[in-house]
Each structure stands twice: as C-alpha cells, then as structure tokens.
Amino acid sequence: MTPFFRSFNLLFVRALKQTTRPLAALLPSFFMPFFFFIVNSAGFKSVAKLPGFTGGNYLAFYAPVGLFMAVFFSSGDAGFEMMLDITSGYFEKLLLTPVPRYALLLPRIVAMAVRAILQAIVMLLILLIFGAPYHAGFIGTLLLFGLVAVFAMGWSGVGLTFAALTRNPRLLQSAFILTFPLTFITTAQLPLNLLSGWYRTAVLCNPVTYILEGVRSIMVTGFDSEKVLTAYLVAFAFLALTSTTSLLAFRKISK
C-alpha cells in the first residue's frame, strides 16, 4: 500500500468513526426530516387536488424531500468535526506530516458520502413504513444512493470551507441557516408548474432544486433520464466548486 492510500485509509476510518459517534447525535438528522414529512404530508394533502399538480398524493410527492433533508441536515457535520480538530490542535499535527493538503480533506469528504448512504437507507425504510411509495428498482436505487453521496460530499465541502475561514464554532454553527433556504426555495412544497413570480425564478436558480427533482424522479414520479442526468451534472459541479473552495481555504490557513 502506497503512503497516500495508507494515510487515506487511516484518516477515512477516523473520520467515519468521528462523524457517526455517538449514535445518539445522529437522531436530530432523522427526527427533523421525519417531522416535516409527517406534518407536511398530512397538513398539505389537499394541495394534491389542485389542477396541474403532479406526483400523485402529497405524501408521495413529499417523501423524497424527507430523504433528501436527512442527508442535507447531516452533511454539514464535516465542518463541525474539522472544527474540533482545528481547535484541539490535532489539525496542526496533521500539517506537520508529508501528506498533501487535499489528502487531509478527501478522507473526511468520502466519509460523509458513506454516512449519507447509510442515513439514506435508514430514512428510506422509515418512509416506506409510513406509506411512501418507491418505484426505483435496483438500478434506480443505485442511482439514488450515488446522487445522495455526490451531493453529500458537495455539501460537506461547504462546512469545511466555513470551518477553515472562520475557525470559530459559533460562526460555523450560524452557517447552518443556509440549509433552510436551500431546502425550501425548491420544488419541495409544490411542483414547478404551480410556482410563479420571483419565487419561481429563485427556485430555478437554486441548484438544489435540480438535485431534488432527480431524487423525486427516481423515487416516485417515474424515471426521467433528463432529470436524473441534470441532477448528477449539478451535483458534480457543486462538488467541484465546494471541494475547490475548501482546499483553497485550508491551504491559506496552513501556510
């Protein structure tokens, strides 16, 4: 095993353990999406009767949002875990090693992808128990988890960037508010054809919209290759952007 892969393996295992322990800390990332799923699918079920509404009943329409939010709410934890390393001085020790800077970040990003897949599996089972439909099939399931993993890596890059730029736990925690506009200024509540005005424009400008539509296409509305391909392209572009910003930010603080 080369020095790079040896270092990657050690840091990946550490990052995965760090981000999944204690298990009780994972409960909020399941509770909040489940809470929104139960409340919205019950409270807005009459919305499905609107002319032009697509996606079957509202429970089916909102189920992908519940799965997506479970990943969204947890992927930012990469920044918090890195902040612990920075404030404890452990990251400075890593900087003394000959490992390249990107090799210090990559294991943590990949660990978030693994965690995202595991959380998506658990959340999907919960949604199915409560009546959510699922028509993905085997290939669709692989595409679903792949899309979830790529987005999780991209969103973890946001947390890592904030951790490097702020190096302040309180400022990093305040960045969590970005989750809500990026989640709800999408087609989470209504199909795109029922939106209008500035809100529709904001939804179309939000990259999360296209990823969510890809997830919904795989899970519920029927496999749409154009939507799934667009979702993957946007997710990979987002990953490339946030990976670059996080790497530049950490290079700056490591000089």
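Values in this text are rule-based calculations from the coordinates and carry no lab data. Just so we're clear, the structure is a prediction, and the values are computed from it rather than from any experiment. Glycine also receives a Cβ, built like all others from the backbone with ideal geometry; neighbour counts cover every protein chain displayed.
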Can you tell me which of Val234, Val208, Val99 moves the most in a GNM of the chain? Springs connect C-alpha atoms under 10 Å apart. Val99
Scoring region 3-253 by relative contact order with C-alpha pairs under 8 Å, at least six apart, yields a percentage of 26
Between Leu212, Leu147, Leu195, where does the largest GNM mean-square fluctuation fall for the chain, given springs only between Cα atoms within less than 10 Å? Leu195
Straight-line reach check, Lys93, cutoff 16 Å on alpha carbons, 8 or more apart in-chain or any other chain, hits among aspartates and glutamates -> Glu81, Asp85
Measure out, as a whole number of angstrom, how far apart the alpha-carbon centroids of region 149-202 and region 12-57 sit. 15
By how many nm would the segment from Leu204 to Thr230 lengthen if fully extended, with 0.36 nm per residue of separation less the alpha-carbon distance? 8.1 nm
Relative contact order for region 174-255: what is it in percent, counting Cα pairs under 8 Å that are at least 6 residues apart? 22
Cα gyration tensor shape of region 48-160, rounded if a/c is under 1.5, else prolate or oblate by comparing a/b with b/c: prolate
With the 8 Å Cα cutoff and a minimum separation of six or more residues, region 97-225 has a relative contact order in percent of 32
Please give me the summed charge of the neighbours of Arg216: other residues whose Cβ is under 14 Å from its Cβ, Lys and Arg +1, Asp and Glu -1. -2
Please report, in whole Å³, the volume per residue of the convex hull around the C-alpha atoms of the chain. 132
1/(1 + (r/R0)^6) with r = Cβ-Cβ of Leu142 and Ala240, R0 = 22 Å, i.e. FRET efficiency to nearest 0.05, evaluates to 0.50
Where does the charge balance sit around Ala231 when Lys and Arg score +1, Asp and Glu -1, over other residues with C-beta under 15 Å from its C-beta? -1
How far is helix 58-75 tilted off the main Cα axis of the chain, in degrees rounded to 10, range 0 to 90? 10
Rank Phe68, Phe236, Phe130 by mean-square fluctuation in a GNM of the chain with C-alpha springs under 10 angstrom and give only the top-ranked residue. Phe130
With each run of n ≥ 4 DSSP H residues scored as -39500 (n - 2.57), what mean residue ellipticity at 222 nm is computed for the chain after dividing by its residue count and rounding to the nearest 500 deg cm²/dmol? -24500 deg cm²/dmol
Under 27 Å from the Cα of Lys227 - lysines, other chains or at least 8 residues apart: Lys45, Lys49
Got a sec? How would Glu213, Glu92 order by Cβ neighbour count within 10 Å, fewest to most? Glu92, Glu213
